[in-house]
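The values are calculated or read from the model by the stated rules, or taken from the named source; none is laboratory data. None of the values given here were measured: they were computed from a predicted structure. Methodologically, a virtual Cβ is constructed for each residue, glycine included, from the backbone with ideal geometry; neighbour enumeration extends over all protein chains shown.
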Amino acid sequence: MHNRWTLVTTWFLLSATGQAVAGGGPPSSDTTLLEDGEKIYQQYCASCHGIEGEGMPNWERQNAQGELPAPPHGPEGHTWKHSDAMLYRIVSEGWRDPWNKTERLTMPAFKEILTPAETRDVVNYLKTLWTPEQRRHQAEESEGAPFPAQSE
Ligand code: HEC
């Protein structure tokens, strides 16, 4: 579990890399956004990706149905290799590995469930699970591929 200090520390790291939650504002309100993101994560994502973002066992191999299980979001996974634009799209539109033997979206689409702001908040929460090095890399990737323009 992440306590408030982890989130505060992460806020400063995110600001330092230019990937602060859009809009600036005082750190306290942005810490609140990360806490919102964590709540959304626990409510909608943890059942598959694990309460600590640890993913499912043997996530790198297809399961008996020929589907890739939910991966971890921490340093050992590859969530950090995707830009903000891509992460937003995966959460909003859903995703499946093209090599899965089934056609269904194993990663469900959340666009009917989460607002654009909630989608950004939960993606920003995932960043708290990465190493500073991964955060820096992902921030650079996102420079040319940011979150969609804010509609609210
Ligand atoms: C029903 C289970 C399930 C739920 C609930 C779920 N996911 Fe996923 N998610 C998956 C699976 C399975 C994959 C892997 C899809 C693939 O690559 O085949 C995945 C992949 C992802 C990826 C891509 C990771 C990578 O390494 O490329 C992200 C990001 C992600 N999920 C975020 C979320 C977020 C945020 C939530 C909550 C809002 C969520 N997921 C809820 C099952 C789930």
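Just to check your reading of the model, which residue among 88, 44 is within 10 Å of the ligand (Cβ to nearest atom), touching a Phe, Trp or Tyr at 6+ places or on another chain (Cβ under 6 Å), aromatic (Phe, Trp, Tyr) and at pLDDT 95 or above?
When all the criteria are applied, what remains is 88.
Quickly run through region 91-103 and pick out the residues that are near the ligand (Cβ under 9 Å from one of its atoms) and within 19 Å of residue 61 (Cα to Cα).
95, 96, 97, 98, 99, 100 - these are the residues of region 91-103 that are near the ligand (Cβ under 9 Å from one of its atoms) and within 19 Å of residue 61 (Cα to Cα).
Out of all the residues in region 18-35, which are loosely packed, with under 13 Cβ neighbours inside 10 Å and either polar (S, T, N, Q) or modelled with pLDDT of 95 or more (or both)?
28, 29
Can you tell which of 74, 55 is of a type outside the set (Phe, Trp, Tyr), touching a Leu at 6+ places or on another chain (Cβ under 7 Å) and without any contact (Cβ under 8 Å) to a residue 60 or more places away in the chain?
Going through 74, 55 in turn, the sole match is 74.
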